[in-house]
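Let me begin by presenting the structure, written as structure tokens, before commenting on it.
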Amino acid sequence: MKIKEVNYLPSGRIFLAETNDSYLIEFTEMRDVSIDGKVHKEVRETFDPKIVWKHLVPYKDKWLLTVSTQKGCAFNCSFCDVAPLEFKGNLLQEEIEDQIKLILVSTPYVTKTSKAKIGFARMGEPAMNLDNVLNAMKNLPLISKELNREISWLPCFNTIVPKASPNTIEKVIDLKENIYNGHLHFQISCNSTNEETRHKLFNTDKIFSLEEIIHQVNKFKISNRTITLNFIVMEDVEVSVEKLKKLGLSKEKFSVKLIPLNSTNNANRNNLKTYANYSNYERLLTLKDTFEKEGIPVIVDAIAQCEEGGLCCGQLAQCSMDK
């Protein structure tokens, strides 16, 4: 695998690499920004990269990485710019690990970090390449040791939980609890509490329902980090804490993440609009309050406006293929 192109954003880089069979995949390395109060608003709404630079969290404290798990994606989600790319199957474990090594080699100045959060969901649905992804996660300490880095890894498994991979929840939680002592971020993409709407957004009904997901998770012991239900909030799309609680959602095993729908070509084609973002972010905070009043932990997040055009999954690959 070789790097073909690098796209620079105020908070980091998006890499475009070519596999041995000439398929283009993306992976990234970013720094986080402060997200509290006025600083969050300032960073979120700016078009000035210097504002973002001023508030970047040091690498030694936190580093954000993502790698791809498939060549394209097995699914055709209506909001994601990976969806229009041709799907060419799974990446090998070695190809997943090569992305991590390329990031580390190209970032020699990061020799130590207390939290490297690495998501295995830039391009692809990791549940459809489950064993290769989980084995790559297990190998993270070996990879950093091989390259002489002191890295405390926080792997992140993000999935829509397809029915074609029925053991995903069980296997990811096993890795979380028994290999990483609970310190693995397991995030399940939900996006609506209405099942018919979820099927439309993911362009498939071959996914586990929220009731099935919550029931499965509730069977297991969950330590240190709760399981995150992720909602990309969109206009006229239901997100109901009352419905989730009736299905068995509890603060002991779950948290909820609420994020804006960022501008993607595919979302625009499908007439999807965000519920809240830069100019009306308070709407997202109001939705957050409905969960917190029920005792459910909530995370809200957004990227800087000046980064939105280049940070979304699949956009760099699309641009390169369209040249």
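Only a single item in (1) closer than 23 Å to Glu307 by Cβ; (2) modelled with pLDDT of 95 or more; (3) part of a loop (DSSP other than H, G, I, E, B) is not met by Val82, and it is number (2). Of everything listed in (1) closer than 28 Å to His215 by Cβ; (2) in contact with a helix residue (DSSP H, G or I) (Cβ under 9 Å, 6 or more places away or on another chain); (3) surrounded by fewer than 18 Cβ atoms within 10 Å (Cβ to Cβ), the single unmet condition for Pro166 is (2).
Are there any helices (runs of 4 or more DSSP H) wholly within segment 226-323 with 1 or more residues that are farther than 24 Å from Ser34 by Cα, among the aliphatic types (A, V, I, L, M) and at pLDDT 95 or above, and if so which? I'd like the intermediate steps shown before the answer.
Values: elements: 241-246, 265-269, 282-292, 308-311, 315-322.
So the answer is 241-246.
Checking each residue in segment 130-153 for being open to solvent by less than 10 Å² (accessible area, probe 1.4 Å) and of a type outside the set (Val, Ile, Thr) picks out Ala136, Met137, Leu140, Ser144.
Touching a residue at least 40 places away in the same chain (Cβ under 8 Å) and out of contact with any Leu (no Cβ under 6 Å at 6 or more places or on another chain): is that true of Asp61 in this structure? Before you say what the answer is, go through the steps one by one.
Details: touching a residue at least 40 places away in the same chain (Cβ under 8 Å): yes; out of contact with any Leu (no Cβ under 6 Å at 6 or more places or on another chain): yes.
Taking the combined requirement at face value, the residue satisfies it.
Helices (runs of 4 or more DSSP H) fully within segment 87-203 that include at least 1 residues being more than 30 Å from Glu238 (Cβ to Cβ): 93-105, 130-138, 140-146, 168-178.
From the list Leu64, Leu104, Leu56, the one residue that fits, being open to solvent by 40 Å² or more (accessible area, probe 1.4 Å) and in contact with a Ser or Thr (Cβ under 8 Å, 6 or more places away or on another chain), is Leu64.
Exactly one residue out of Ile51, Ile35, Ile96 is modelled with pLDDT under 90 and surrounded by 15 or more Cβ atoms within 10 Å (Cβ to Cβ), and it is Ile35. Of all residues being open to solvent by 10 Å² or more (accessible area, probe 1.4 Å) and in contact (Cβ under 8 Å) with a residue 40 or more places away in the chain in segment 169-179, which is nearest to Thr111 (Cα to Cα)? Just the residue, please. Result: Ile179. Screening segment 21-32 for residues that are without any contact (Cβ under 8 Å) to a residue 60 or more places away in the chain and open to solvent by 40 Å² or more (accessible area, probe 1.4 Å) and picking the one that is farthest from Asn280 (Cα to Cα) gives Ser22.
Scanning segment 12-55 for residues that are in a strand (DSSP E or B) and in contact with a Gly (Cβ under 9 Å, 6 or more places away or on another chain) yields Ile14, Ile25, Glu26, Thr28, Glu29, Met30.
With in contact with a Gly (Cβ under 8 Å, 6 or more places away or on another chain), in contact (Cβ under 8 Å) with a residue 40 or more places away in the chain and more than 19 Å from Ile188 (Cα to Cα) as the only criterion, which of Ser223, Ser263 stands out?
Working: Ser223 fails: more than 19 Å from Ile188 (Cα to Cα).
Testing whether each residue is in contact with a Gly (Cβ under 8 Å, 6 or more places away or on another chain), in contact (Cβ under 8 Å) with a residue 40 or more places away in the chain and more than 19 Å from Ile188 (Cα to Cα) leaves just Ser263.
Exactly one residue among Leu316, Leu287, Leu311 is open to solvent by less than 50 Å² (accessible area, probe 1.4 Å), of a type outside the set (Lys, Arg) and under 17 Å from Asn191 (Cα atoms), and that residue is Leu287.
Of all residues in segment 289-317, those that are under 25 Å from Ser255 (Cα atoms) and among the hydrophobic types (A, V, I, L, M, F, W, C) have Cβ atoms under 7 Å from Cβ atoms of residues that are open to solvent by 20 Å² or more (accessible area, probe 1.4 Å) and in a helix (DSSP H, G or I), 6 or more apart or on another chain, in Val298/Lys288; Val298/Glu292; Val300/Leu285; Val300/Lys288; Ile303/Leu311. The residues listed here are Lys219, Lys200, Lys246, Lys253; of these, the one that is more than 21 Å from the chain's Cα centre (by Cα), within 20 Å of Val161 (Cα to Cα) and open to solvent by 10 Å² or more (accessible area, probe 1.4 Å) is Lys219.
The values are calculated or read from the model by the stated rules, or taken from the named source; none is laboratory data. Here the structure is a predicted model, which is why all the values come from computation and not from measurement. Don't worry about glycine lacking a Cβ; one is built from the backbone with ideal geometry, like all the others, and counts go over all protein chains shown. Please note that ligands, DNA and RNA were not included when accessible areas were found on the heavy atoms of the full protein model with its side chains. Shrake-Rupley method; radii C 1.70, N 1.55, O 1.52, S 1.80 Å.
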